[in-house]
């Protein structure tokens with residue numbers, strides 16, 4: 001496993017914090033007035049006006065460049081006023097003029113040096129912030145590398161606990177599934193603290209503040225808590241039908257919560273893929289008998305492709321956030337396109353993993369009751385951003401319906417249909433997603449306003465690697481949808497309406513006990 005470099009500790013800024021403007025004015029103005037009064041009451045030969053430099057020097061401690069300029073102007077004005085009044089009182093001589101000129105030049109020089117010092121301090125602060133950001137990005141890249149390779153959930157939590165401890169410099173990190181206030185497997189502990197496996201958790205670790213994100217702090221910041229969400233598709237030993245979320249307890253972290261939040265966001269997509277990999281491992285022996293080529297394909301995409309793609313996506317997001325400095329608009333657009341292509345490859349890898357399972361005719365895990373409406377709401381939520389980019393409106397009409405089967409597989413089948421409709425809909429078009437249940441059957445229809453499929457190609461629309469069609473593609477999505485439908489005792493069909501709309505219909509047997517969720 002790759003060793004992570006420790007992230008920079010979360011410490012106070014090494015530079016002195018600037019004085020508030022109100023406090024700076026409160027110090028500078030009385031000093032200015034006092035020096036001016038003293039200058040008026042003393043002979044010009046004493047050159048008291050040079051003391052006005054102190055007011056300008058105070059301005060260098062403030063947060064605003066404007067205050068330095070204003071105080072420099074006020075001090076020059078005070079020098080001129082005192083010089084004029086002293087000359088009116090004592091008369092004008094060369095010594096007084098020289099002293100006054102020196103006082104004014106001293107004020108201007110201190111003002112200039114104060115501005116330069118402020119600029120130097122700002123540059124140093126920017127350099128320090130860039131160094132911290134670079135260290136954060138380096139640590140997060142190392143985290144992605146440490147989590148590389150095909151992982152089951154047990155391996156995932158073990159690696160994640162050790163990686164997070166190294167990243168945050170914490171005393172200990174514990175990860176486990178929370179079930180009815182108890183910490184259950186999959187469980188891992190990195191550090192010397194006593195573990196909480198199969199024990200009841202204290203209330204402060206169970207209470208999630210309203211409005212808080214998936215990362216929050218308790219005990220005055222001495223403990224950071226985070227949550228990783230599981231999809232509930234695991235079938236390996238110790239897994240359950242409805243899998244509980246994973247709780248991360250980080251004791252004594254040396255880094256801020258926002259770094260933990262970035263690490264959790266990087267871990268979430270890896271966790272999402274562990275359930276499917278658990279399925280593949282349980283069936284590993286049978287997969288080997290089906291052929292070495294299929295096995296090599298699965299593990300090539302799960303290990304050799306996914307890991308660099310995840311690291312590449314992290315680098316692209318860092319560049320878009322400005323982690324490598326400001327970039328021109330055309331570069332940012334290129335990075336956005338690259339990130340979208342990266343996500344498409346990750347999606348392809350996921351589909352190939354699922355396809356490999358069906359092509360190998362692996363026996364399915366114990367079927368579970370799947371609330372299809374809940375699954376579709378998640379699909380529509382995930383695809384909402386892509387639809388908005390294409391100016392396509394998603395119109396859901398969803399009844400409560402339950403089917404018996406594999407939640408992850410059914411979600412992929414539904415996502416393929418909706419994603420296909422969004423992809424081929426024209427700008428301004430509508431995609432109607434309808435879910436209904438009647439007579440022991442659940443029916444999902446996805447209707448779009450796209451160009452449709454030519455009749456000559458409709459017959460092989462659901463064939464593997466068919467290619468062609470509006471916009472092309474790998475030919476995996478609809479084929480995989482048909483395999484999932486057939487494995488669940490259903491079917492998927494395509495039709496073209498008289499109004500020029502494409503309609504895909506997925507039918508599945510309703511779960512026993514009624515179709516409504």
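The values are calculated or read from the model by the stated rules, or taken from the named source; none is laboratory data. These numbers come from a predicted model, not from an experiment. So basically every Cβ, Gly included, is an ideal-geometry build from the backbone, and we count neighbours across all protein chains shown.
Of the conditions (1) assigned to a helix (DSSP H, G or I); (2) at pLDDT 70 or above, residue 300 satisfies every one except a single condition; which number is it?
Here residue 300 clears every test but (2).
Test residue 132 against the criterion of being surrounded by fewer than 21 Cβ atoms within 10 Å (Cβ to Cβ) and on the phi > 0 side of the Ramachandran plot, and give yes or no.
No.
Quick check: is even one residue across region 319-340 touching a strand residue (DSSP E or B) at 6+ places or on another chain (Cβ under 9 Å) and at pLDDT 80 or above?
So in region 319-340, the residues touching a strand residue (DSSP E or B) at 6+ places or on another chain (Cβ under 9 Å) come out as none.
No, that holds for no residue.
Is it the case that residue 190 is surrounded by fewer than 18 Cβ atoms within 10 Å (Cβ to Cβ), in contact with a strand residue (DSSP E or B) (Cβ under 6 Å, 6 or more places away or on another chain) and free of Cβ contacts under 8 Å to residues at least 60 places away in the same chain?
no
Condition check ((1) closer than 21 Å to residue 350 by Cβ; (2) at pLDDT 90 or above) across all residues:
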site: 422; (1), (2): yes, yes
site: 441; (1), (2): no, yes
site: 445; (1), (2): no, yes
site: 474; (1), (2): yes, no
site: 505; (1), (2): no, yes
site: 512; (1), (2): no, no
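Given the conditions (1) in contact with a helix residue (DSSP H, G or I) (Cβ under 9 Å, 6 or more places away or on another chain); (2) modelled with pLDDT of 90 or more, which single one is not true for residue 151?
(2)
Within region 93-115, does at least one residue satisfy the condition of being surrounded by fewer than 22 Cβ atoms within 10 Å (Cβ to Cβ) and not in a helix (DSSP H, G or I)?
For region 93-115, residues surrounded by fewer than 22 Cβ atoms within 10 Å (Cβ to Cβ) and not in a helix (DSSP H, G or I): present.
Could you check region 183-210 and list, in sequence order, the residues that are part of a loop (DSSP other than H, G, I, E, B) and within 24 Å of the chain's Cα centre (by Cα)?
Selection gives 207, 208, 209, 210.
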